[in-house]
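The structure appears right after this line, and notes come after that.
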Amino acid sequence: MRFPTTGQAVALLAAAAALGLVAWAPGPATEAQAIALPQQLDLAVPATRRCPYCGWIESKREILPSSADPRAPGTYEYTVRMADGSSSVFLEALPTSWRLRERLIVIGGARPLD
């Protein structure tokens, strides 16, 4: 008795998986199963924001220490653009791994720019 090679076994398994996917896929929907769509959309309802505290890093800037103590660590200033278009600025003493356009949630402490 001869056993199949690895390539033949892989091809056989791939064919069986493809056949299983075809058998599992749903068929076309009948008219009775189709979802009825509204004839007219109600645009008078205001859209709600998903997250009023969500934003993204718009800019990152290193603020160098004063010339009085050149060994002092620098500070990093981040500007966050919120979903409603407002901006907030906050300072971090240590460098972080945040990248530009990275999404975040502001949890207290940030004030909008004037």
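The values are calculated or read from the model by the stated rules, or taken from the named source; none is laboratory data. All values derive from a computational prediction rather than experimental measurement. Neighbour counts are summed over all protein chains in view; Cβ atoms, including those assigned to glycine, are modelled from backbone coordinates with ideal geometry.
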Query raised in the report: If you take the residues of segment 89-114 that are modelled with pLDDT of 85 or more and part of a strand (DSSP E or B), which of them is surrounded by the most Cβ atoms within 10 Å (Cβ to Cβ)?
Result: Val89
Query raised in the report: Considering only segment 37-78, how many residues are modelled with pLDDT of 85 or more, surrounded by 13 or more Cβ atoms within 10 Å (Cβ to Cβ) and within 19 Å of the chain's Cα centre (by Cα)?
Result: 5
